[in-house]
1. If I take every Cα pair under 8 Å that is 6 or more residues apart in the chain, average their sequence separation and divide by the length, what percent do I get for the relative contact order?
2. Here are labelled values, [x] 9, 27, 21, 11, 7, 6, 6, 5, 4, 3, 1; [y] 9, 30, 32, 18, 8, 3, 0; [z] 9, 33, 28, 16, 8, 4, 2, 1, 0, and one is the computed P(r) over Cα pairs in 10 Å bins from 0, in percent for what I pasted. Which one?
3. Top mean-square fluctuation among 78, 96, 20, Gaussian network model of the chain, C-alpha springs under 10 Å?
4. Within 10 Å of each residue's Cβ, count the other Cβ atoms and sort 37, 174 from fewest upward.
5. With the chain treated as a Gaussian network of Cα nodes joined by springs under 10 Å, which of 106, 173, 70 yields the largest mean-square fluctuation?
6. For segment 43-86 and segment 108-123, what is the centre-to-centre distance using only Cα atoms, to the nearest Å?
């Protein structure tokens with residue numbers, strides 16, 4: 001989308017939008033799969049798949065305001081994302097909004113629930129923070145028209161999620177060594 005590289009391409013934006021938006025929903029589905037009964041987990045995953053397919057169909061076929069898209073990316077990148085979000089009609093964006101909201105709540109709620117079940121799983125607190133930061137950044141971008149902190153919140157969320165996942169693998173390895181009788 002950078003004018004010095006490819007410029008504001010409606011096709012590139014469509015592909016990005018339909019591929020990136022379902023990611024939070026899929027993260028939430030993974031958490032539900034780990035914590036819930038299989039029947040509910042399958043229903044939740046089905047919901048995410050159906051909404052992702054609906055997003056892909058509507059996102060790839062809906063008209064896009066190419067002029068708005070081009071003008072959005074003529075300034076700072078965060079402002080471009082804020083402006084570009086309205087280049088697609090609400091009939092497309094609603095699927096991304098629902099996937100992000102439901103997936104984010106499942107990720108945060110699942111990590112918090114896992115921590116409450118076993119307080120030795122402190123890594124879940126990193127995952128909770130990692131889920132909350134992008135929500136705050138997106139909210140500041142979408143609701144408050146404040147794009148300046150968007151990428152910082154995204155980066156912070158990514159770092160905290162990564163740390164939470166890394167610490168969880170250390171927790172599992174330590175637990176497995178304890179089960180096997182190894183005290184190291």
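Every number here is computed from the coordinates shown, using simple stated rules; none is lab data. Because the structure is a prediction, the values reported are computed rather than measured. Ideal geometry is used to build each Cβ from the backbone, glycine not excepted, and the neighbour counts take in all protein chains shown.
1. 20
2. Among [x] 9, 27, 21, 11, 7, 6, 6, 5, 4, 3, 1; [y] 9, 30, 32, 18, 8, 3, 0; [z] 9, 33, 28, 16, 8, 4, 2, 1, 0, the one derived from this structure is [y].
3. 20
4. With the fewest neighbours first, 37, 174 line up as 37, 174.
5. 173
6. Taking the Cα centre of each part, segment 43-86 and segment 108-123 sit 33 Å apart.
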